[in-house]
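Step one of this worksheet: look at the structure below.
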Amino acid sequence: MDYLTPSYIFSLPLPFILYSFLGSALMVPIFAAFFGKRWYCSWICGCGGLANTFGEPWRHLSDKSSTSWKIEKITIHTVLGTSLLLTALLFISWGAGKSHPELARFTVGFQSFYGLIVSSMLAGVVGVGLYPLGGTRLWCRFFCPMAALLGLVQKFGRYRITVKENMCISCGMCSKYCEMGIDVRSYAQAGKSFTRASCVGCGLCAEVCPRGVLRLENKSHHDPQESILIQIQPASTARPLI
């Protein structure tokens, strides 16, 4: 994380600088709008890879309660706001140069504090150490700023989980194996297609459904008939014990 500062980034060759900013400002939101969070959280992110390999035996332990959902929305957006504030301070401090040493010292201290609490404690100790207690996506659900940012874009994008009406038998397998703590069964029972910011598109809810009620899609908000099916490729090759 020490290298993710303006002073280092702007010392790189121009193509790397352009890639850094264009990738963040264009690629990330565009991919999230069309493919949801799954392009990053299920296909690229190392934390997600660890959760779906080492953590697979505990995926069903994620809390599906409404209280957990309320806490999740508070904590993950708090960390996102903190990370954006730190980013802004880094650029302001870099732009101010040596004319404001107090700001530079405060920013360095803030960055060190963020690295200790968020990057080390929440992502490492809590995010991995508590797999056997709270499931495999504690970091992704409650604290990851990248997941929060992608989730906000996903809410307004094309990605969603569609539900076939009047077919759910309320077996609860979809909710049981949702690693993000989403009560998928409640949507399936209501026959309601949905987009949840926390969904990482692993596809396991659709895979374990015995009646094929659920499907992951790219679908326009305005034209319900227009859809492009995303082939379900679960993030993990391990099959749940049913």
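A few points about this structure:
- With contributions of -39500 (n - 2.57) from each DSSP H run of at least four residues, the per-residue ellipticity at 222 nm computed over the chain stands at -13000 deg cm²/dmol.
- Members of Lys73/Lys98; Lys37/Lys70; Lys70/Lys164; Lys64/Lys155 lying beyond 31 Å, as alpha-carbon distances in this model show: Lys73/Lys98
- With 0.36 nm allotted per residue and the present C-alpha distance subtracted, the Thr82-Ile117 stretch has 11.5 nm of extension available.
Throughout, read-outs are computed from the coordinates displayed, never taken from laboratory work. Since the model is a prediction, treat every value here as computed from it, not as a measurement.
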